[in-house]
Amino acid sequence: YKVLDALARGSSVPVPRPVTLCTDSGVVGTPFYLMEYAQGHIYLDPNLPTCDPPLRSHLYRQMAHTLAALHAAQPDRIGLAGYGEAGHYCARQLKRWGAQYAASRRAGAGAPALPEVERLLGWLAAHVPAEDAAPPRPAIVHGDYRLDNLVFTPPGATSRASGAPATNASGAPQLAAVLDWELSTLGNPWSDVAYNCMPYHLPDMPVLKKLGSGAGGGLAAGIPGEAEYVAWYCQAAGVSPPSPQDWSFYLALSLFRLLAILAGVQARAQQGNASSAHAVAVSSDAVLRSLAHAALAIIARSEAEAQRPPSPSSPTCYAASFEAAAAPRLIATTSTTPSATSAFLPTTSTSTLVAAATAGSGAKGGSSSSSNGGLGGGTGVAGPAQLPPRVRDLLARLN
């Protein structure tokens, strides 16, 4: 109730408006609160199989920008100064979920040791980013920020409060509410960003919602690659990306946290308390090992990248690739973009100089089949002189 009330009153983050808080346990047996109903649609599959490419891009951009807005909210100005201790957030997360994992394995009937998990824990403990002790951007951290915790307005919807249109001028759904704040506190915002990016790195197993798990294995057209998505967040938040090693830590910690949660599900299943057959399948040792291997693979790639000699012609780290994904590339188009899906993005006029977000972006409105996904459509007119100096330098290197 506290975080919803503070964000509803003092920020641009869309949340269900809390209606009342009752602290009298005698009413229903426990303190409770009521919040308004958030009307809209929740997308359960991050691959968005029922959406067209421009809508996919639009939804992901909304997700990135809303997370940036949450991290921009200043806790002391909206009444959340005492909502938690921002310092040592990741270190505390590692300690808490490490203990939870150990307790779950002990509770499991004859659960064998998983050496890959122990290796992962050892690496995480030795590589907590220095800035975690006192984050330069202490922020409200959601703790479970993912696509299926967001409510988007259906096309043509109106606000129940004002009666005004709830979609934008082109009819695209807007992010109406962020749900599930039970894990929220003050902490390190990069942990939220990495957790939000975890579907890019999940093992390709039927029980997990991995991005790019469909036919062909690549990202669906319109879904941004990880670098592009993080670049959208960084642009909206006005920050630079973390170092490659720090980013690998945040991703690996996110995967371990999911692993620890599933280890608890497994322990309950072994005790006869499984909530469903799916709970048993998703918490098997095979899944836990696969998550640990995915995290260790991220670490190995980062360490290999750090040892690679720098190349004068290409970015050499995740941070540079984030910038490259965000940097507009000037291309000329020779056709318009009349498509059934163009209602969600502006069309590109004939022979107009437009900015495409990546080399793989389609200039004809639609999409790209590259692994980075495509934004679809033009994003506005830009000339070299209008770009920030850092982006102009990057463009010179890329081109």
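Read the figures in this text as sums done on the coordinates, not as results from a lab. Note that the structure is predicted; figures quoted are calculated from it, not measured. Positions of Cβ are generated from backbone atoms using ideal geometry, with glycine treated the same way; all protein chains shown enter the neighbour counts.
Computed values, structure above
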read-out	value
Centroid-to-centroid separation of segment 240-257 and segment 259-282 [C-alpha atoms, Å]	27
All-pairs alpha carbon distance profile, segment 22-87, 10 Å steps from 0, percent	14, 24, 30, 24, 7, 0
Stretchable slack from Tyr33 to Gln271, in nm (0.36 nm times residue separation minus alpha-carbon distance)	82.4 nm
Ranked by how many other beta carbons lie within 10 Å on average, peptides 253-264, 125-136, 7-18 from highest	253-264, 7-18, 125-136
Potential lengthening between Gln100 and Glu118 on full extension [0.36 nm per residue; Cα-Cα distance subtracted]	5.1 nm
Segment 1-306: Rg to Rh, with Rh as the Kirkwood radius over Cα pairs	0.96
Cα gyration tensor shape for segment 178-272, rounded if a/c is under 1.5, else prolate or oblate	oblate
Label-point separation, Asp76 to Ala279 (7 Å along Cα→Cβ), nm	4.4
Point-to-point label distance, Arg308-Val19, nm (Cα→Cβ direction, 7 Å offset)	5.5
